[in-house]
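The values are calculated or read from the model by the stated rules, or taken from the named source; none is laboratory data. Since the structure is predicted, the reported quantities are computational estimates derived from the model, not experimental observations. Note that we place each Cβ from the backbone using ideal geometry, even for glycine, and neighbour counts take in every protein chain shown.
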Amino acid sequence: MNKILMCLLGGVIIFLLAACGSDNDTVNTNTTINHVDESPTENPTAEEALGNSEEFDFFFRETVISLNQNMAEVLDVLGEPIGIRQTPSCAFEGYDRIFGFGAINIHTYPIGDDDFIQVINFRDDSVTTRNGIRLGDSWNKVVDTYGSDYEQDFNIRTFTRGRTMLSFFVENDIVVEITYSLIMN
């Protein structure tokens, strides 16, 4: 029970810090969704995992989902979520929303009438990062995949690329939570 509570608390803290960390409502929202027919790379090298992309993205149901992407584009491809929760935004006019798709939750922030992706949380081990890391994998596998250029704050280890972060909550050298998040500034 403590492990579940810690995972939930870690996800909430990351979401709140990202959502409430800025007074600036100006955010670049020029992103597009890409549908691809290939699976994530099998056992990539650290250099291949980081690739040439300037930001982290996520591969789900044969679709690339990017942080800061308009959620309407994702819903057009993925369809209706299992559930939606919303709370008044502490940083923007409107509502922060969480769209549940079973294996993942997608957290959004509002600008005008649109919702933009701020955080993607893994809920179970049926999904992987773009480079094959899933809940339950060893921290050594993460380092073998993404390298050792990460920041550590207690049990959370974070890789940063551009304005995006990929964080792993690690307990006893096992990945117990995976979160993609947008750096809001």
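Mind listing just one residue for me: the one in the range 76-96 that is at pLDDT 95 or above and of a type in the set (A, V, I, L, M, F, W, C) and, of those, surrounded by the most Cβ atoms within 10 Å (Cβ to Cβ)? Of everything passing the filter in the range 76-96, Ile84 is surrounded by the most Cβ atoms within 10 Å (Cβ to Cβ).
When the criteria are applied in full, Arg163 fails the requirement of being touching a residue at least 24 places away in the same chain (Cβ under 8 Å) and either under 14 Å from Met71 (Cα atoms) or surrounded by fewer than 17 Cβ atoms within 10 Å (Cβ to Cβ) (or both). Being assigned to a strand (DSSP E or B) and touching a residue at least 40 places away in the same chain (Cβ under 8 Å) is a condition met by at least one residue of the range 139-156. Each residue in the range 166-185 was checked for being closer than 20 Å to Phe116 by Cα and either surrounded by fewer than 22 Cβ atoms within 10 Å (Cβ to Cβ) or of a type in the set (A, V, I, L, M, F, W, C) (or both), and 6 of them qualify. Check Phe99, Phe122 and return the single one that is farther than 19 Å from Thr158 by Cβ, among the aromatic types (Phe, Trp, Tyr) and either at pLDDT below 95 or buried (at least 17 other Cβ atoms within 10 Å of the Cβ) (or both). Every option except Phe99 fails the conditions.
Write out, first by first residue and then by second, each pair whose Cβ atoms fall under 8 Å of each other, whose residues are 6+ apart or on separate chains, and whose first residue, in the range 102-113, is over 13 Å from Ser89 (Cβ atoms) while the second is in a loop (DSSP other than H, G, I, E, B) and among the aliphatic types (A, V, I, L, M). What qualifies is Gly102/Ile82; Ala103/Val127; Ile104/Val127. Residue-level check: of (1) touching a Lys or Arg at 6+ places or on another chain (Cβ under 9 Å); (2) closer than 22 Å to Asp124 by Cβ; (3) surrounded by 19 or more Cβ atoms within 10 Å (Cβ to Cβ), Thr145 misses just (1).
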